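Take a look at the structure below.
The values are calculated or read from the model by the stated rules, or taken from the named source; none is laboratory data. Since the structure is predicted, the reported quantities are computational estimates derived from the model, not experimental observations. Quick note on the areas: whole protein, heavy atoms, side chains included, nothing else; ligands and nucleic acids left out. Shrake-Rupley method; radii C 1.70, N 1.55, O 1.52, S 1.80 Å.
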Amino acid sequence: MEMSLLLSFLGAAILLTLMPGPDNLFVLAQSISQNKLAGIATSLGLCSGLLVHITAAAVGISALLYQSSLAFSIVKYLGAAYLLYMAYQAFREGESTSTINNQQSRSYSSLFRKGIVMNILNPKVSLFFLALLPQFIDQNAGYPALQMVLLGGIFIIQALLIFSGISLFAGKLSTIVSRNEKASRRMNLLKGTLLAVIGIQIAFSEK
């Protein structure tokens with residue numbers, strides 16, 4: 001593939017990742033409500049989930065998902081239900097009278113798994129890659145599926161770096177929040193609201 005094409009894709013990927021969206025907002029909220037390592041664990045989970053979507057786009061599964069209204073609806077509602085459940089958990093934490101330091105923090109492995117599931121159960125991500133990746137395929141280079149995997153790898157690396165940067169920045173705020181019981185409650189309520197909004201958006205999303 002030509003370097004100019006790869007650089008064009010990288011520029012587009014960075015802009016898309018920096019735009020406010022459910023993934024980076026969730027990483028931000030998780031980093032503030034717990035710490036930077038919690039945000040990084042969540043980032044690793046979200047980016048691992050991207051592997052599934054990129055592979056699906058490369059082998060054509062995303063196209064089948066787009067063509068099948070039933071398959072799209074099943075994945076969509078499962079994802080919405082999972083996010084609403086996570087929102088419920090966050091609201092319960094927000095009602096707690098203990099501070100973040102005294103709360104039973106979710107393990108990093110649990111956050112990693114939640115990031116994977118949250119990403120995989122969002123069918124819009126598969127359709128996003130199905131629409132984005134083919135635009136940067138070099139028709140003269142051949143092996144379009146392999147090119148899509150390469151582009152997907154570039155997207156994952158830059159997304160992980162940006163999400164990690166968000167985690168490090170937001171993690172500094174977690175110390176301030178953890179010392180203020182009212183702020184910690186509001187942060188959990190904000191996180192719950194964010195997850196609920198994302199879940200509702202997915203539930204009512206169209207192809």
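For the range 1-50, what mean projected area does the convex hull of the alpha carbons give, in nm²? Intermediate values should be presented prior to the final figure.
Numbers: hull surface 16.3 nm².
If you wrap the Cα atoms of the range 1-50 in a convex hull and average its projections, you get 4.1 nm².
Might you tell me the accessible area per residue for the chain, computed with a 1.4 Å probe and given in Å²? Write out the running numbers ahead of the final one.
Numbers: 10660 Å² over 207 residues.
Per residue, the chain has 52 Å² of solvent-accessible surface.
Using a 1.4 Å probe and counting only protein heavy atoms, arrange 28, 195 so the residue with the most accessible area comes first.
Numbers: 28 60, 195 5 Å².
Ranked from most to least accessible, the order is 28, 195.
Need one value: the accessible area of residue 93 in square angstrom, 1.4 angstrom probe, rounded to the nearest 10.
50 Å²
Quick one: compute the contact order of the chain, relative version, from alpha carbon pairs under 8 angstrom and 6+ residues apart, as a percent. Walk me through the numbers on the way to the answer.
Numbers: 278 pairs, mean separation 92.1, N = 207.
Rounded, it is 44 percent for the chain.
Just to make sure I understand: if all protein chains stay in place, what is the order of 118, 3 by accessible area at 1.4 Å, largest first?
Details: 118 10, 3 120 Å².
Putting 118, 3 in descending order of accessible area: 3, 118.
Leaving out ligands, DNA and RNA, and with a 1.4 Å probe, what % of the accessible surface on the chain is carbon or sulfur? Please list the in-between numbers first.
Details: 7180 of 10660 Å².
Ligands and nucleic acids excluded, carbon and sulfur reach 67 percent.
How long are the semi-axes of the equivalent ellipsoid of the chain, defined as square roots of 5 times the Cα gyration tensor eigenvalues? Whole Å, largest first. Provide the component values of the computation, followed by the final result.
Details: eigenvalues 220, 79, 27 Å².
After diagonalising the Cα gyration tensor, the semi-axes are 33, 20, 12 Å.
Comparing 107, 48, 167, which has the greatest mean-square fluctuation in the GNM of the chain with Cα pairs linked when under 10 Å apart?
Ranking 107, 48, 167 by mean-square fluctuation puts 107 first.
So what is the calculated 222 nm ellipticity per residue for the chain, using -39500 (n - 2.57) for each DSSP H run with n of 4 or more, over all residues, to the nearest 500 deg cm²/dmol?
Working: 9 runs with 166 residues, N = 207.
Helix-only estimate at 222 nm: -27500 deg cm²/dmol.
Of the candidates 165, 115, 192, which one comes out as most mobile in a Gaussian network treatment of the chain with C-alpha springs shorter than 10 Å?
The residue that fluctuates most here is 165.
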